[in-house]
Amino acid sequence: MTDFLRVALIGCGLISDDHIRAYAAHADRAKITVCYDIDAEKAKSRAAKLNAHVAASLHVAASLEDILADPNVDALEVCTPPHLHPEICIAAARAGKHVLCQKPLARTVAECDAMIAAAHAAGTVLFYGETNRTLPSALEARRVMDAGRIGQFVGIQARFAYWQGGEILNTAWRYDPAVAGGGQLLDSGIHALALLNTLGGPVESVSCYTHRFRPEMGGEDTTAVAVQFAGGAVGSLFSSQAVGTWVPGPLLTVSGTEGALTLGGGAALTLHRPDLPDRSEVLLADDGNQFAAMIGAYLNAVLRGAENLSPGEAGRQDLQLVLAAYQSANEKCQVLLAETAP
Ligand SMILES: NC(=O)c1ccc[n+]([C@@H]2O[C@H](COP(=O)([O-])OP(=O)(O)OC[C@H]3O[C@@H](n4cnc5c(N)ncnc54)[C@H](O)[C@@H]3O)[C@@H](O)[C@H]2O)c1
């Protein structure tokens, strides 16, 4: 087991900035040494910009094949549009490289299975790059629930609704469900579903309604999802890209028979109980840099053999829930996850 990870960044678009800043926060354990983008100019300008800002000493590779064959690359950071995730991640595993792959892991459950199988066969780490799977407040909330501080788990209510204008919607692939794999629920709402799975999962059944208010979106832009967890607790998510503004307030509330937890809305994590002074207590003020937390967890898994907190299986679980929700909306029925086809 190595004690330093040399990482190749694949896809130098919008989200790659966050990954490079996150690696800069772990400079003692890892470094992005090379980047590649199908758009060579984009790769060059990103490398130059980031070299200037974080002294990353990035250089640009001519092809993905060069990176896969490079013995000085230990791992790939996959930040391309979703339709490319399976091919790149499977090729990386076969070349003996670890992978952190941005969400969504893929567009189908069968693709997820192939990615997971390739990593298992190669003995490499496949880490699902969903920041909410390693969010400090979510992990702490889970510990607080397991310690019984909100009593018996009753349900979760989540809201992930705002108009992400500007740069994020200038990426053409987001308007094309064939590339993106779906609409807003898969592109953005999946962050909230990852929290539902982390805190309440596994989900047994789902019902969903969708609508498109903004004609420029390729898939749906607004969704209401209702789930039932194993054990009986229930959950709901209102997710939208059509809402004109971000509404202050918690992203998510977890309710129990003796108390509740809120994520966001003033503090990262707050416990609410009738017996607390002021009926509430801030357990975590701030989540800090969520990408740095994610990369830290990834490096712990790769370099120290720690538990993988966000394995490929977690990506499969989140995707399966999104696809089951779409099936429910399309077929106008409740969908049991155990009965969904890969
Ligand atoms: N965690 C988050 O909050 C978050 C936010 C935004 C995006 N994402 C995810 O990150 C991924 C990328 O999204 P983005 O917003 O950065 O998109 P983007 O379009 O800005 O960047 C994608 C980059 O991939 C490049 N690319 C396309 N085909 C390629 C290929 N064959 N080989 C190498 N590079 C190729 C493009 O040229 C582009 O530079 C998506 O999976 C998206 O869902 C996550």
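Side notes on the structure shown:
- All of (1) within 29 Å of residue 110 (Cα to Cα); (2) modelled with pLDDT of 95 or more hold for residue 283 with one exception: (1).
- Residue 18 meets all of the listed conditions (1) farther than 24 Å from residue 189 by Cα; (2) of a type outside the set (Gly, Ala, Ser); (3) in a helix (DSSP H, G or I) but one, namely (1).
- Pair list, Cβ under 9 Å, 6 or more apart: region 32-44 residue assigned by TED's automatic domain parsing to the domain that holds residue 75 and over 27 Å from residue 299 (Cα atoms), other residue more than 9 Å from the ligand (Cβ to nearest atom) and part of a strand (DSSP E or B): 40/60
- Meets criteria (over 12 Å from the mean Cα position of the chain (by Cα) and surrounded by fewer than 22 Cβ atoms within 10 Å (Cβ to Cβ)) for residue 114: yes
- Apart from one condition, residue 163 fits all of (1) farther than 21 Å from residue 291 by Cα; (2) at pLDDT below 95; (3) out of contact with any strand residue (DSSP E or B) (no Cβ under 9 Å at 6 or more places or on another chain); the exception is (3).
The rows are residues; the columns are (1) assigned by TED's automatic domain parsing to the domain that holds residue 335; (2) away from the ligand (no atom under 16 Å from the Cβ); (3) aromatic (Phe, Trp, Tyr); (4) over 21 Å from the mean Cα position of the chain (by Cα).
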| residue | (1), (2), (3), (4) |
| --- | --- |
| 195 | yes, no, no, no |
| 205 | yes, yes, no, yes |
| 230 | yes, yes, no, yes |
| 249 | yes, yes, no, yes |
| 254 | yes, yes, no, no |
| 264 | yes, no, no, no |
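- Matching residues, region 190-221, being in a loop (DSSP other than H, G, I, E, B) and either over 18 Å from residue 155 (Cα atoms) or of a type in the set (Phe, Trp, Tyr) (or both): 212, 213, 214, 215, 216, 217, 218, 219, 220, 221
- Matching residues, region 11-46, being over 20 Å from residue 292 (Cβ atoms) and either acidic (Asp, Glu) or within 12 Å of the ligand (Cβ to nearest atom) (or both): 36, 37, 38, 39, 40, 41, 42, 43, 44, 45
- Here the condition is being at pLDDT 95 or above, of a type in the set (Ser, Thr, Tyr) and in contact with a strand residue (DSSP E or B) (Cβ under 9 Å, 6 or more places away or on another chain); of 223, 198, it holds for 223 alone.
- Filtering 133, 143, 149 for residues that are touching a Leu at 6+ places or on another chain (Cβ under 8 Å), basic (Lys, Arg) and under 22 Å from residue 294 (Cα atoms) leaves a single hit, 133.
- Within region 48-60, at least one residue is within 15 Å of the ligand (Cβ to nearest atom), buried (at least 16 other Cβ atoms within 10 Å of the Cβ), farther than 23 Å from residue 131 by Cβ and outside the structural domain of residue 183 (by TED's automatic domain parsing).
- Of the set (1) in contact (Cβ under 8 Å) with a residue 12 or more places away in the chain; (2) of a type in the set (A, V, I, L, M); (3) closer than 15 Å to residue 314 by Cα, all apply to residue 141 but (3).
- Scanning region 272-308 for residues that are among the aliphatic types (A, V, I, L, M) and either within 15 Å of the chain's Cα centre (by Cα) or at positive phi (or both) returns 292, 293, 294, 295, 297.
- Inter-residue pairs, beta-carbon under 7 Å, first over 20 Å from residue 114 (Cα atoms) and in region 327-342, second modelled with pLDDT under 95 and among the polar types (S, T, N, Q), 6+ apart: 327/340
- Taking residues in region 68-82 that are assigned by TED's automatic domain parsing to the domain that holds residue 302, and partners anywhere that are more than 11 Å from the ligand (Cβ to nearest atom) and assigned to a loop (DSSP other than H, G, I, E, B), the pairs with Cβ atoms closer than 6 Å and at least 6 places apart or on different chains are 68/95; 75/97; 76/97.
- Members of region 89-110 that are among the hydrophobic types (A, V, I, L, M, F, W, C) and either surrounded by 22 or more Cβ atoms within 10 Å (Cβ to Cβ) or not assigned by TED's automatic domain parsing to the domain that holds residue 38 (or both): 89, 92, 93, 99, 100, 101, 105, 106
The values are calculated or read from the model by the stated rules, or taken from the named source; none is laboratory data. Just so it is clear, the structure is predicted and the values come from calculations on it, not from any experiment. Don't worry about glycine lacking a Cβ; one is built from the backbone with ideal geometry, like all the others, and counts go over all protein chains shown.
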